[in-house]
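Colleague: Sharing a structure, written as structure tokens. Questions coming.
The values are calculated or read from the model by the stated rules, or taken from the named source; none is laboratory data. Keep in mind that what you see is a predicted model, and the values were worked out from it rather than measured. No Cβ is skipped: glycine too gets one built from the backbone with ideal geometry, and neighbour counts run over all protein chains shown.
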Amino acid sequence: MSDELVKNLRSTLSKFELALGQIKEAILFTSKNGQIQWCNQVFDKIVEKPHIEILGQCFSELFILDKDDNILPLKQLQDNPGQEFTLEYHSNQSKNKIYQIYGRSLQGSDESISFVFVISDFTERKNREHLALQSQKLEAIGTLTAGIAHEMNTPIQFISDNILFLKESINDLTQFIGVVYDLTQKNESAEVMHNRIKSLYEQIDIDYLKSEVPVCLNQTQKGTKQIAKLVHSMKQFSHPGSKELSPVSLTNIVGTVLDVTKNTWKNYAELEVNIDKKHDQVYSIQSELNQILMNLIINARDAIVEKYGKDKKEGLIKIRNQMTKDFVELTVTDNGTGIPDEIIDKIFDPFFTTKEVGEGTGQGLAMIYHAVTTKLQGKVDVSTNHGEGTTFTISLPVSTKGL
Amino acid sequence: MVIVDEEGNIKYTNQEFLNVFGYQQDEIQGEHIIKIIPPDLRDAHNIGFSRYQTTGVSKIMGQDLNLKAIKKSGEIFNATQHIISGKQNETIEIGATIIPSD
């Protein structure tokens, strides 16, 4: 090779190196054993080592992944030259950092395999997504709190009225007993005593108290049970235990969510719940399922209100389950507006919303999709007829087998 | 110890260099320095050397480095290397001391 040509190539190489040092992503290439042959300055900074100490080191020893086997799928890349992959890893060195890694294998003219990696810092983006999910949760909590407050107010109102009535009744009864006692102390004739007691009995209307007090007590007891159930559901909703996949009862989930959301739909829609007890148990995370079902029910309610308005109660929301080969499907069907064809592909995108500003964050379905497909290891499906309604199907694993 | 010209061609080696790497003087004289760099590090060398040639910026000179080198036999060993550059009669020369550390 002529000196001039070598000089030109060296100049080209050095321009590339300079340029690759100025981008946000870390770039490196390795031998087929994962030994680093070159990296840009960004990678030096990520692993916090001088450039020269990185060269020749094993990629997986420098860049320790928070993954059980700490192994990049090099074999997979090697067997399929030219394959690309995108994976997210939590690096151990930089705590709380999330990186996305793109890898590609290259076959040299001499049959030698090498790998090229591009590493992007995903932390900020993940944090943004996390914040958006948080705000979605807060928004949902706001909606629920108003509804639950209303739900609780009704029994509290009549319990408080009942207590007032019971207080008056007890006053009357105490007065009656006092008069009777006084008469026994006063050697009055039997006739006088009889007349006095009879007239007071009628005046106080003890027959009325005898029939009304038990009714009032029963009603009060029912009211407190209603509140206790609501409180229990709220607790189930907010502190629902395990964050790991574990056996969860669909009946419990549906009951809890219907309790806490009741106020959001009861004026607009009938609920038809049909949970087949044979397929009641799924392997899932209760808190996530609560959120997912709540979002689906509130969406169904919104679609119904949009179609029929707020003055009518023509909505119907059906919740049911069925068994498929490996999953239990939980479906939520509404007879609302349905989803137009032109936006059906976008409904699971973060921040996509057809609602007015301030009415929705556009995170509901994105959150459902993310939670079901990653945390719950299931699937989400939607079928819709514009103008007739929508069915969302959440497929959930029935056991840990095959996960 | 080894001295190369600005293209990386070997100009001078001392006896100890020949002993350590297992070359005869006439085998190595005029050869490119890449010969003593293990294959896995040649990409890094090419890029680093190109950068130095084009921009004059080196990330490695003037400090003790622990680097691998390869003998004539193919044996790879660790060595403490110290690289400096200087001008001799208007031409740049690069010198390195290499002390095996295994």
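Colleague: So A:Pro397 fits all but one of (1) within 29 Å of A:Glu244 (Cα to Cα); (2) touching a helix residue (DSSP H, G or I) at 6+ places or on another chain (Cβ under 8 Å); (3) modelled with pLDDT of 80 or more; what number is the exception?
Modeller: (2)
Colleague: State which residue is farthest from the other protein chains (Cβ to nearest Cβ) when the search covers only the range B:13-30 and only residues that are over 11 Å from the mean Cα position of the chain (by Cα) and surrounded by 15 or more Cβ atoms within 10 Å (Cβ to Cβ).
Modeller: Of all residues in the range B:13-30, those over 11 Å from the mean Cα position of the chain (by Cα) come to B:14-16, B:18-30.
With surrounded by 15 or more Cβ atoms within 10 Å (Cβ to Cβ) added as a condition, the list becomes B:18, B:20-21, B:23, B:28.
Working: B:Leu18: 25, B:Val20: 19, B:Phe21: 18, B:Tyr23: 22, B:Ile28: 20 Å.
Selected residue: B:Leu18.
Colleague: Given the conditions (1) closer than 29 Å to B:Met61 by Cα; (2) out of contact with any strand residue (DSSP E or B) (no Cβ under 7 Å at 6 or more places or on another chain); (3) at pLDDT below 85; (4) of a type outside the set (D, E, K, R), and given that A:Asn80 satisfies all but one, which numbered condition is not satisfied?
Modeller: Failing condition for A:Asn80: (1).
Condition check ((1) more than 32 Å from the chain's Cα centre (by Cα); (2) assigned to a helix (DSSP H, G or I); (3) modelled with pLDDT under 80; (4) among the aliphatic types (A, V, I, L, M)) across all residues:
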| residue | (1), (2), (3), (4) |
| --- | --- |
| A:Glu111 | yes, no, yes, no |
| A:Ser120 | no, no, no, no |
| A:Glu124 | no, yes, no, no |
| A:His130 | no, yes, yes, no |
| A:Gly142 | no, yes, yes, no |
| A:Ile159 | yes, yes, no, yes |
| A:Asn162 | yes, yes, no, no |
| A:Lys167 | yes, yes, no, no |
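Colleague: A further question follows. Residues that are over 30 Å from A:His150 (Cα atoms) and modelled with pLDDT of 90 or more: which strands (runs of 3 or more DSSP E) entirely in the range A:247-361 hold 2 or more of them? Lay out the reasoning, then the answer.
Modeller: Numbers: elements: A:269-274, A:281-284, A:315-323, A:327-334.
The qualifying strands (runs of 3 or more DSSP E) are A:281-284, A:315-323, A:327-334.
Colleague: Give the range B:76-102 a look and list any residue that's surrounded by 18 or more Cβ atoms within 10 Å (Cβ to Cβ), farther than 26 Å from A:Thr12 by Cα and away from chain A (no Cβ under 14 Å), or say none.
Modeller: Of everything in the range B:76-102, just one residue is surrounded by 18 or more Cβ atoms within 10 Å (Cβ to Cβ), farther than 26 Å from A:Thr12 by Cα and away from chain A (no Cβ under 14 Å), namely B:Ile98.
Colleague: May I pose another question? Looking at (1) under 18 Å from A:Ser233 (Cα atoms); (2) of a type in the set (D, E, K, R); (3) free of Cβ contacts under 8 Å to residues at least 60 places away in the same chain, find the lone condition where A:Lys310 falls short.
Modeller: (1)
Colleague: Based on this model, can you work out whether B:Ile3 counts as within 14 Å of another protein chain (Cβ to nearest Cβ), more than 15 Å from A:Glu53 (Cα to Cα) and at pLDDT 90 or above?
Modeller: Numbers: within 14 Å of another protein chain (Cβ to nearest Cβ): no; more than 15 Å from A:Glu53 (Cα to Cα): yes; at pLDDT 90 or above: yes.
No, not satisfied.
Colleague: How about the range B:62-75: which of its residues are surrounded by 14 or more Cβ atoms within 10 Å (Cβ to Cβ), more than 8 Å from chain A (Cβ to nearest Cβ) and within 28 Å of A:Val116 (Cβ to Cβ)?
Modeller: Within the range B:62-75, B:Ala69, B:Ile70 qualify.
Colleague: For the range A:15-57, name all the residues that are in a helix (DSSP H, G or I), modelled with pLDDT under 90 and either closer than 20 Å to B:His32 by Cα or more than 10 Å from every other protein chain (Cβ to nearest Cβ) (or both).
Modeller: A:Lys45, A:Ile46, A:Val47 - these are the residues of the range A:15-57 that are in a helix (DSSP H, G or I), modelled with pLDDT under 90 and either closer than 20 Å to B:His32 by Cα or more than 10 Å from every other protein chain (Cβ to nearest Cβ) (or both).
Colleague: A:Asn171 passes all but one of (1) free of Cβ contacts under 8 Å to residues at least 40 places away in the same chain; (2) within 30 Å of A:Ala371 (Cβ to Cβ); which number fails?
Modeller: Just one mismatch for A:Asn171, condition (2).
Colleague: Follow-up. Among the numbered criteria (1) of a type outside the set (Val, Ile, Thr); (2) surrounded by 17 or more Cβ atoms within 10 Å (Cβ to Cβ); (3) at pLDDT below 90, which single criterion is violated by A:Lys235?
Modeller: (2)
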